[in-house]
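The values are calculated or read from the model by the stated rules, or taken from the named source; none is laboratory data. Just so it is clear, the model here is predicted, and its values are computed rather than measured. All Cβ positions, even for glycine, are placed from backbone atoms using ideal geometry, and neighbour counts span all protein chains on display.
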Amino acid sequence: MEKKGQVVFIHGGDSYNNDQAFYEHLRIQEYEPHPESYKRWRDWLQVELEAAGYEWLFMAMPNKQNADYEAWKIWFEKVVPFIEVDNDTHVIGYSLGACFLLRYLSENESPFHISKLHLIALALPTDSESIGSFGVDTKIIDRIEARAEVINLYHSKNDTICPYADSEKVAAVISGAKLHTFTDRGHFLQPEFPELLAEIQKIT
């Protein structure tokens, strides 16, 4: 089968301002010996895209329980040799992965051509909520306009982890960015994501 393109996926995680904040998070967490498992839409998406002829490049980022931006930056750039020049390349960031891409592409030129950038359930730093070292300087977010041909944001209004308003703010300053709004998806802990699949496969 002829390859249609490549899809780079960056998952979510947690990040803290300092070790004490991380330790406090652990103290209030309860141990669950038999955690409930659920189907991840990223696994479904991989199957669908590979069947359609896309190469799936999943990046297992370092230490997602207490993530560090610089460590993720180093690891993200490891994918560059595997990106084919002039290919239809999609980059997906979910939750902290979206925060990472938002900061990385605001501060750096993309190391490869991005056809479509997909940012799902992102968050911005605030006085009351921290995303650790992944916080972006909101004054330079508009630089992302030049990093990808198409920019899609996805967020649900009932997301209790990352505020929907954050994606609204980002969409307002990135010219041409499209915000896909949902009302009942929460933090997208769902088995399938057909809307994302459709955007990847859409011919622009």
Taking the condition surrounded by fewer than 16 Cβ atoms within 10 Å (Cβ to Cβ), within 21 Å of Ile144 (Cα to Cα) and over 18 Å from the mean Cα position of the chain (by Cα), does Val85 pass?
-> yes
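Can we say Lys4 is under 28 Å from Ile114 (Cα atoms), surrounded by fewer than 17 Cβ atoms within 10 Å (Cβ to Cβ) and touching a Gly at 6+ places or on another chain (Cβ under 7 Å)?
Here the answer is yes, as Lys4 does meet what is asked.
The rows are residues; the columns are (1) in a strand (DSSP E or B); (2) among the β-branched types (Val, Ile, Thr); (3) at pLDDT below 95; (4) surrounded by fewer than 20 Cβ atoms within 10 Å (Cβ to Cβ).
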{"site": "Ile140", "(1), (2), (3), (4)": "no, yes, no, yes"}
{"site": "Arg143", "(1), (2), (3), (4)": "no, no, no, yes"}
{"site": "Glu149", "(1), (2), (3), (4)": "yes, no, no, yes"}
{"site": "Asn152", "(1), (2), (3), (4)": "yes, no, no, no"}
{"site": "Thr181", "(1), (2), (3), (4)": "yes, yes, no, yes"}
{"site": "His187", "(1), (2), (3), (4)": "no, no, no, yes"}
{"site": "Pro191", "(1), (2), (3), (4)": "no, no, no, yes"}
Heads up, the helices (runs of 4 or more DSSP H) in region 21-134 (entirely inside) with at least 3 residues that are touching a helix residue (DSSP H, G or I) at 6+ places or on another chain (Cβ under 9 Å), in contact (Cβ under 8 Å) with a residue 12 or more places away in the chain and closer than 18 Å to His187 by Cα are 41-52, 96-107
Of the residues that sit in region 2-20 and are closer than 14 Å to Leu49 by Cβ and outside any loop (DSSP other than H, G, I, E, B), which one is nearest to the chain's Cα centre (by Cα)?
-> Phe9
